[in-house]
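Every number in this text was worked out from the coordinates using simple rules, so none of it is lab data. All figures in this text were calculated on a predicted structure; none of them were measured in a lab. Heads up, the Cβs are rebuilt from the backbone with ideal geometry, glycines too, and the neighbour counts pull from every protein chain shown.
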Amino acid sequence: MTHWEDFYNTHLPPADFEDNRSLLKEFCERHNKLQNRIVLVTSGGTTVPLEHNTVRFVDNFSAGTRGSASAEYFLDHDYAVIFMHRHKSLEPFTRHFTGQQFFDMLDIADNSQSSTIAIKPDSVDVFAPVLAKYKIARETQMILYVNFTSVVDYMWLLRAACECLAAFEERAVLYLAAAVSDFYIPEDMMPTHKMQSGDGAPTISLQLVPKMLAPLASLWVPHAFVVSFKLETDESLLIVKARDSLNKYKHKLVIANVLQTRKHRVVFVTPTDSYELHLTREQTLQGLEIEEPIVADVVQKHGEFISNAQQRQ
Ligand code: PMT
């Protein structure tokens, strides 16, 4: 595996990196002056390009549901939110009305002079509360959106965000819900142009991506409340792998989930404890989202973490 520093030395930052870095800096400085609590929510999957001029890539599974829903609940708890997401994955607020759903809520009224577009009366009850929350979050500048596509973009943004979050010390939460590639093709091993089928079936050799949780938890934001997610498809590995991760990176909490049941069951694994959060069938039918109790629990733990740190001072 490449060392994390070599990864940055051998992979250029994305073209919009400096713009995003300035946005992150400005957002963090403002909220730090206000003494706000802040959370970095990462969301969606990273890609691994197979060519420099990318036509084909390997993708990581994630719709961005966990991250986008969680960002809304952190706002409800008065956290400033950096929403770092995969370009075109689900976003807070708009996630409620995807695809045709939004168009189906609209009516066009025509008269000879002009056309008016309005929300259908029976959709107002659904649309208005979401729109109101969106407007408040934007007007109060409590949320910043930054996006990535490839695993390299993600790693550059992650480090830049951490550089800005370090000043918050215990007031920062890192909520790493994105599905991050473990394997990639280093830039110097990638063809420049589209691979040609005429050359026969390619043999693609992937290398290990360094685990960025290591420098993140020990060097970049050593005082922050770091929460990572662990995704498995084999239930029997779930708790063992979550505990391994805590032992290795010494962060505060792993939220473990199995691909098939992730929408209604997660396991919280802390250095001393592990317990399950789940939604009943009735709760799911009523529209409750598991991200609501997940975020409530994280916020409570973060509060205790801050109090303990204050008592030590
Ligand atoms: O978006 P949804 O469809 O709602 O799905 C949500 C989810 C299943 C993607 C989410 O709940 C989840 O589990 N996200 C983490 C997925 C993941 O990357 O798991 P992992 O076991 O591969 O990695 C564990 C941790 O290591 C992650 O927090 C990741 O940020 C970190 N990591 C991963 C790779 C890497 N090279 N460096 C890292 O630091």
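Can you give me the C-alpha center-to-center distance between the range 192-225 and the range 1-80, rounded to a whole angstrom?
15 Å
Aspartates and glutamates within cross-link reach of Lys120: Cα-Cα under 13 Å, excluding same-chain residues under 8 positions apart?
Asp104, Asp107
Taking Cα pairs under 8 Å and at least six residues apart, what relative contact order does the chain come out at, in percent?
20 percent
Determine, for Arg66, Arg281, Arg86, the number of other Cβ atoms within 10 Å of each Cβ, and report the residues in order from fewest to most.
Exposure proxy ranking, most exposed first: Arg281, Arg86, Arg66.
So how compact is the range 106-187: Cα radius of gyration and Dmax in angstrom?
In order Rg, Dmax, the Cα atoms of the range 106-187 give 21.1, 61 Å.
Set Lys and Arg Cβ to +1 and Asp and Glu Cβ to -1, take the dipole of the chain about its Cα centre, and tell me which of Leu165, Thr140, His251 lies farthest positive.
The residue sitting most towards the positive pole is His251.
Past 27 Å, Cα to Cα, is the threshold; run Lys194/Lys230; Lys33/Lys248; Lys250/Lys301 against it and keep the listed order.
Going by Cα-Cα distance, Lys194/Lys230; Lys33/Lys248 fall outside the 27 Å limit.
Does anything in the range 28-64 have its amide N under 17 Å from the 7 Å Cα→Cβ label point of Asp182, and if so which residues?
Backbone N within reach: 45-48, 58-62.
7 Å from Cα along Cα→Cβ at both Lys248 and Gln283: what's the point-to-point distance in nm?
3.0 nm
Which value in nm describes the separation of the simple spin-label points at Phe102 and Glu276, placed 7 Å from the Cα toward the beta carbon?
Here the answer is 3.8 nm between the modelled labels.
Give me Rg over Rh for the range 153-279, both radii from the alpha carbons and Rh done the Kirkwood way, two decimal places.
For the range 153-279, the value is 1.06.
Using only the alpha-carbon atoms of the range 36-77 as identical scatterers, what base-10 log of I(q)/I(0) does the Debye formula give at q = 0.20, 0.22, 0.30, 0.35 Å⁻¹?
-0.68, -0.74, -0.99, -1.13
Assigning unit charges at the beta carbon (Lys, Arg +1; Asp, Glu -1) and nothing else, what dipole magnitude in debye, to the nearest 20, does the chain show about its Cα centre?
560 debye
Restricting to bridges with both residues inside the chain, how much of the DSSP beta-bridge set is antiparallel, in percent to the nearest 5?
Antiparallel bridges make up about 40 percent of those DSSP assigns within the chain.
Explain nothing, just the number: relative contact order of the range 1-121, from Cα pairs under 8 Å at least 6 residues apart, as a whole percent.
The normalised contact order for the range 1-121 reaches 19 percent.
Based on Cβ point charges of +1 for Lys and Arg and -1 for Asp and Glu, what charge dipole magnitude is obtained for the range 116-207 about its Cα centre, in debye rounded to the nearest 20?
Roughly 400 debye for the range 116-207.
Seen from all sides and averaged, what is the projected area of the convex hull of the Cα atoms in the chain, in nm²?
21.3 nm²
Full-extension gain between His87 and Ala128, please, as 0.36 nm times their residue separation minus the C-alpha to C-alpha distance.
Residue separation times 0.36 nm, minus the Cα-Cα distance, leaves 12.2 nm.
From Cα pairs below 8 angstrom and at least 6 apart in sequence, can you work out the relative contact order of the range 158-313, rounded to a whole percent?
Once normalised by length, the contact order is 20 percent.
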